[in-house]
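Heads up: the structure comes next, in structure tokens.
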Amino acid sequence: MTQIQPTVTPNLEEPKFGFNRYAERLNGRAAMVGFVITLAIEYFTGQGLLSWLGLS
């Protein structure tokens with residue numbers, strides 16, 4: 001028995017909320033910026049981020 005494959009691909013919209021490509025891309029970029037800022041703080045102050053914040 002052969003299966004019939006659909007001939008039209010549905011045009012699905014990206015979800016407005018939750019996990020979507022835009023949210024994941026934005027989150028990744030924010031994480032990279034935060035990591036670079038953390039490295040800069042450690043380089044210029046000579047102490048770790050938690051020490052600089054007074055948490056350790």
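The values are calculated or read from the model by the stated rules, or taken from the named source; none is laboratory data. Here the structure is a predicted model, which means the values were calculated and not measured. Here Cβ is always computed from backbone atoms with ideal geometry, including for glycine, and neighbour counts include all displayed protein chains. Accessible surface is based on the protein model in full, side chains and every heavy atom, while ligands, DNA and RNA are left aside. Shrake-Rupley method; radii C 1.70, N 1.55, O 1.52, S 1.80 Å.
Considering only the stretch 12-36, state which residues are outside any helix (DSSP H, G or I) and open to solvent by 60 Å² or more (accessible area, probe 1.4 Å).
Leu12, Glu13, Glu14, Pro15, Lys16, Phe17, Phe19
Select from the stretch 37-55 the residues that are part of a helix (DSSP H, G or I), of a type outside the set (Phe, Trp, Tyr) and surrounded by 10 or more Cβ atoms within 10 Å (Cβ to Cβ) and list them in ascending order.
If the condition is that a residue be part of a helix (DSSP H, G or I), of a type outside the set (Phe, Trp, Tyr) and surrounded by 10 or more Cβ atoms within 10 Å (Cβ to Cβ), then Ile37, Thr38, Leu39, Ala40, Ile41, Glu42, Thr45, Leu49, Ser51, Leu53 are the ones that fit.
Within the set of pairs 6+ apart or on separate chains, which have a first residue in the stretch 28-42 that is free of Cβ contacts under 8 Å to residues at least 40 places away in the same chain, a second that is surrounded by 10 or more Cβ atoms within 10 Å (Cβ to Cβ) and not in a helix (DSSP H, G or I), and C-beta atoms under 7 Å apart?
Glu42/Gly48
Out of the stretch 1-42, which residues are of a type in the set (D, E, K, R), within 20 Å of the chain's Cα centre (by Cα) and at pLDDT 85 or above?
Scanning the stretch 1-42 gives Glu24, Arg25, Arg29.
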